[in-house]
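Written below as structure tokens is the structure these notes are about.
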Amino acid sequence: MALDFSIIPGIIPALLLGTRLTIELAVIAVAIGLVIGSFAGIARVGGSNVARIVTGVYVDFIRGTPLLVQLFLVYFGLPTLIRRPVPPFIAAITAMGVNSGAYIAEIVRAGIQSVDRGQMEAARSLGLTYSQSMRYIIFPQALRRIIPPLGNEFIAMLKDSSLVSVIALEELLRKGQVVITRTFRPFEVYMVVALIYLAMTLAISRLVAWSERRLRVVD
Amino acid sequence: MIKTVGLRKSFGNNHVLRGIDVAIKPHEVVVVIGPSGSGKSTFLRCLNLLEKPSSGQVFFRGHCITDPHVNVNEVRREMGMVFQRFNLFPHMSVIDNITLGPMKVRGVSLEEAKQTARDLLRKVGIAEKEKDYPSELSGGQQQRVAIARALAMKPMAMLFDEATSALDPEMIGEVLDVIRRLAEEGMTMVVVTHEMGFAREVGDRVLFMDEGVIVEEGTPEQVLGKPQNPRTQAFLSKVL
């Protein structure tokens, strides 16, 4: 059976609709992850012992278990606890956001710890408090090192969002599957789906590379 | 002005300071010399509590600052510190490096802080560099900015931790000149250094440290010229 590319123009609108949801999912997940990850990352460096242990367990659990399992926990498991269904979109951004938070926590922690110890000492020796030193000296320098890996995290979320196709959210991959039931052209459709992912991830990795050059740490 | 009593510091089983008793008077310049690993930097860092002493006490202007109730930030603002590796803030311009402390810690206005910063930059001889970033400066210039940054807090004492050890030889002089001028102005200083000529010239008193204790102390002429202790003699024969 020969390839038939003539079907492509007809499927693009549907796939772009799915692409839009994919981007929304990734953006919202990373935004949630950023909030969780910033607090968790800071807690891992400068928090109390309790905060360190709690965030450590969180990071280990999330990074040591598949996102698909986490998604099922939220979508299928949580409803039995709270005795009401969790809508697919809410389940998806919850699982993805909490997942992303763990990875971002590690990015934030590594960024803070990459700042030379002498910076904190110099700040403290001027009489600045710990939190002033963090705010004016450590964070601004850590941020430059955090932005590039955050871009990589966003790429990872963009790709992993395809997992939520299993809970019937019509993001890019799921849209592709739907289109296939209409066209019976799995190879062509999945190829287009793959290329759309590739176009997005390539664009972002270019942006990351550019930001790495722009933000190269001077010291 | 600064006094230590039975100051000890250990890192695990490594006993870096084994009981240091020193009293530094106002306007005095105390130079600390000794071999690497003798504990002289740790001693200096205990004075402004960058290192927490394992036991013993540090007094500053009569107050015991190793008391857990003391606000260390209030003590540190009175003691300027200059580091071997400068530790300027790389994301800030020279003038911002200098104005940050006075504005955030002392609540000085931006205008006043800038004025002080410019005066100090002129004093250390790099007035034209205020808008530059640390990475654009030579080592000697960076260290002079670091000194200006510490002085901007209008400290009562200055601590120098091998301030010229990371510098290329041709830049050592310009930094020593600045420290020398501070000494002439009567700043109370504790200077850890490997520059014996400088120690002799500016020091009111020289402490020779080895293996965590003060082995010998006295005027530069006594300690550097006629050392009594065999360890001091052995050290000086290697470095002079």
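The values are calculated or read from the model by the stated rules, or taken from the named source; none is laboratory data. Since we're looking at a predicted model, the values are computed, not measured. Cβ: placed from backbone, ideal geometry, glycine included. Neighbour counts: every protein chain shown.
For the residues B:Val206, B:Val190, B:Val215, B:Val223, the requirement of being surrounded by 14 or more Cβ atoms within 10 Å (Cβ to Cβ), over 19 Å from the mean Cα position of the chain (by Cα) and either among the basic types (Lys, Arg) or not in a helix (DSSP H, G or I) (or both) singles out B:Val215. If you check A:Ala199, A:Ala142, A:Ala209, A:Ala168 for being at pLDDT 95 or above and within 22 Å of the chain's Cα centre (by Cα), only one passes: A:Ala199. Filtering segment A:130-155 to residues that are away from chain B (no Cβ under 14 Å), among the hydrophobic types (A, V, I, L, M, F, W, C) and out of contact with any Ser or Thr (no Cβ under 8 Å at 6 or more places or on another chain) leaves A:Leu150, A:Phe154. For A:Gly37, the test of being buried (at least 19 other Cβ atoms within 10 Å of the Cβ) and either under 30 Å from A:Leu173 (Cα atoms) or touching a Lys or Arg at 6+ places or on another chain (Cβ under 8 Å) (or both) is passed.
The number of residues in segment B:143-185 that are within 20 Å of B:Phe198 (Cα to Cα), of a type outside the set (Gly, Ala, Ser) and within 14 Å of chain A (Cβ to nearest Cβ) comes to 7. Would segment B:13-28 turn up any residue that is part of a loop (DSSP other than H, G, I, E, B), at pLDDT below 95, in contact with a strand residue (DSSP E or B) (Cβ under 8 Å, 6 or more places away or on another chain) and not basic (Lys, Arg)? Looking through segment B:13-28, none of the residues is part of a loop (DSSP other than H, G, I, E, B), at pLDDT below 95, in contact with a strand residue (DSSP E or B) (Cβ under 8 Å, 6 or more places away or on another chain) and not basic (Lys, Arg). Is it the case, given these coordinates, that A:Ile82 is farther than 22 Å from A:Met200 by Cβ and either in contact with a helix residue (DSSP H, G or I) (Cβ under 7 Å, 6 or more places away or on another chain) or surrounded by 14 or more Cβ atoms within 10 Å (Cβ to Cβ) (or both)? Considered against the rule, which asks whether it is farther than 22 Å from A:Met200 by Cβ and either in contact with a helix residue (DSSP H, G or I) (Cβ under 7 Å, 6 or more places away or on another chain) or surrounded by 14 or more Cβ atoms within 10 Å (Cβ to Cβ) (or both), A:Ile82 comes out as no. Scanning segment A:85-113 for residues that are basic (Lys, Arg) and within 12 Å of the chain's Cα centre (by Cα) gives no hits. Residues in segment A:153-176: is at least one among the aromatic types (Phe, Trp, Tyr), surrounded by fewer than 18 Cβ atoms within 10 Å (Cβ to Cβ) and in a helix (DSSP H, G or I)? The answer is no; no qualifying residue exists. Hey, can you tell me all the residues within segment B:193-203 that are farther than 18 Å from B:His27 by Cβ and either in a loop (DSSP other than H, G, I, E, B) or modelled with pLDDT of 95 or more (or both)? Those that are farther than 18 Å from B:His27 by Cβ and either in a loop (DSSP other than H, G, I, E, B) or modelled with pLDDT of 95 or more (or both): B:Thr193, B:His194, B:Glu195.
For segment A:104-129, the tally of residues that are within 11 Å of another protein chain (Cβ to nearest Cβ) and either within 20 Å of B:Val82 (Cβ to Cβ) or in contact (Cβ under 8 Å) with a residue 12 or more places away in the chain (or both) stands at 14. Screening A:Ser100 on (1) at the interface with chain B (Cβ under 9 Å from one of its Cβ atoms); (2) buried (at least 23 other Cβ atoms within 10 Å of the Cβ) shows it passes everything except condition (1).
Just one of the numbered conditions (1) closer than 24 Å to A:Gly176 by Cβ; (2) in contact with a helix residue (DSSP H, G or I) (Cβ under 7 Å, 6 or more places away or on another chain) is not true of A:Ile112: (1). Within segment B:52-73, can one find any residue that is touching a residue at least 24 places away in the same chain (Cβ under 8 Å), closer than 30 Å to A:Arg144 by Cα, buried (at least 19 other Cβ atoms within 10 Å of the Cβ) and facing chain A (nearest Cβ under 8 Å)? No, segment B:52-73 contains no residue that is touching a residue at least 24 places away in the same chain (Cβ under 8 Å), closer than 30 Å to A:Arg144 by Cα, buried (at least 19 other Cβ atoms within 10 Å of the Cβ) and facing chain A (nearest Cβ under 8 Å). Only a single criterion out of (1) modelled with pLDDT under 95; (2) surrounded by 14 or more Cβ atoms within 10 Å (Cβ to Cβ); (3) farther than 21 Å from A:Leu198 by Cβ is not satisfied by A:Ile7, namely (3). Scanning segment B:45-57 turns up one or more residues that are within 29 Å of B:Lys104 (Cα to Cα), outside any helix (DSSP H, G or I) and in contact with an Asp or Glu (Cβ under 6 Å, 6 or more places away or on another chain). Residue by residue through segment B:80-89, note down the ones that are of a type outside the set (Phe, Trp, Tyr), facing chain A (nearest Cβ under 8 Å) and either closer than 11 Å to B:Arg45 by Cβ or part of a loop (DSSP other than H, G, I, E, B) (or both). Scanning segment B:80-89 gives B:Met81, B:Arg85, B:Asn87, B:Leu88. Might you check whether a residue that is crowded, with 23+ Cβ neighbours inside 10 Å, within 22 Å of the chain's Cα centre (by Cα), assigned to a helix (DSSP H, G or I) and not hydrophobic (A, V, I, L, M, F, W, C) occurs anywhere in segment A:114-128? No - not one qualifying residue is present in segment A:114-128. For segment B:90-141, filtered to residues that are loosely packed, with under 15 Cβ neighbours inside 10 Å and among the aliphatic types (A, V, I, L, M), the residue that is nearest to the other protein chains (Cβ to nearest Cβ) is B:Leu110. Would you check if there is a residue in segment A:36-55 being under 21 Å from A:Ser161 (Cβ atoms) and modelled with pLDDT of 95 or more? Yes, that holds for at least one residue.
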